[in-house]
Amino acid sequence: MSAEVAGSPPSFAEAWAAVAGVEGWLSEAQARRLFERSAALAPGSVVVEIGSFRGRSAIVLASAVPAGCEVVAVDPHLGSDRGPQEIAENRDLGQEDVAAFRANLERAGVLDRVRHVRRRSQDALAQAPPSIDLLFVDGAHRYGPAGDDLLRWGARVVPGGRMLVHDAFSSLGVTGALLRHVTPSRDWRYAGRDGSLAEYVRAPRTAGSVLRQFAEFPYFARNLLFKGLIVAGMGRLARTLGHGDGPWPY
């Protein structure tokens, strides 16, 4: 569904206020990056997000897009891969999530700007546009599904387009998939991160781009340490060592 936005789009402050009560793990700095990349698109561009949960990122993306853009949210809402250590399917939770997703988008005034594809990402390609200008990947974080999203959906990003990946240099599965499929690729240039939200541009790789990614390894090791401590029930020690608020480093 194309976005038809009357008048000026909301500011980031307005978009951030709209997601204040929406459950999710997107930080303010990460939301700002998504908002700015979405707002910079040309009319008629295509935005796709993989993994919507309850709409936090979809609201930010849809609030910023110019008129005439298409925003596609891909999430099967099966109650699986909802967050840390929530991998197994739970259909009741999935129904709660999809109801909350739609209610949150409606409350934010962007429901008519988002086309929801309620399918697993690997099964949704046929229902998505062949070319993507901005891709946000926050689906299943295991190595196999993450790699599939990066390869198959990333291949649809147009030259000069952008791919933003959540839980990069934080999740073992996502980081492993990035190192296998994106870092060595000649088609992706690393453009930095906010927390665990990494940004790539569909442009020829440079040596500096590769080096900047390897320079993120201390951050990655720090996140793995914090996760290990949290799983072991030593969250207080993790906070003492620098882990901030929240149950998980993002």
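Here, each number is a calculation from the coordinates, and none is a lab measurement. Keep in mind the model is a prediction, meaning the values are calculated, not measured. Don't worry about glycine lacking a Cβ; one is built from the backbone with ideal geometry, like all the others, and counts go over all protein chains shown.
Ordering of 206-214, 14-22, 142-150 by packing is 142-150, 14-22, 206-214, highest average first (other Cβ atoms within 10 Å, averaged per residue). Computed over the stretch 128-173, relative contact order equals 53 percent, with contacts defined as Cα pairs under 8 Å that lie 6+ residues apart.
Estimated purely from DSSP H runs of n ≥ 4, each contributing -39500 (n - 2.57), the mean residue ellipticity at 222 nm for the chain is -10500 deg cm²/dmol once divided by its residues. Mean projected area of the convex hull spanned by the Cα atoms of the chain, taken over all viewing directions: 12.7 nm². Per-peptide packing, taken as the mean over residues of other Cβ atoms within 10 Å, places 110-123, 89-102 in the sequence 110-123, 89-102 from highest down. Between Leu224 and Asp112, what FRET efficiency follows from the Cβ-Cβ distance if R0 is 41 Å, with the result rounded to 0.05? With R0 = 41 Å, the Cβ-Cβ based efficiency is 0.50. As a proxy for reagent exposure, ranking Ile132, Ile59, Ile230 by other Cβ atoms within 10 Å from fewest up yields Ile230, Ile132, Ile59. Each Cα pair under 8 Å and six or more residues apart adds its separation to the average, and for the chain the resulting relative contact order is 16 percent. Note: relative contact order over the stretch 81-201, using C-alpha pairs below 8 Å and six or more positions apart, is 20 percent.
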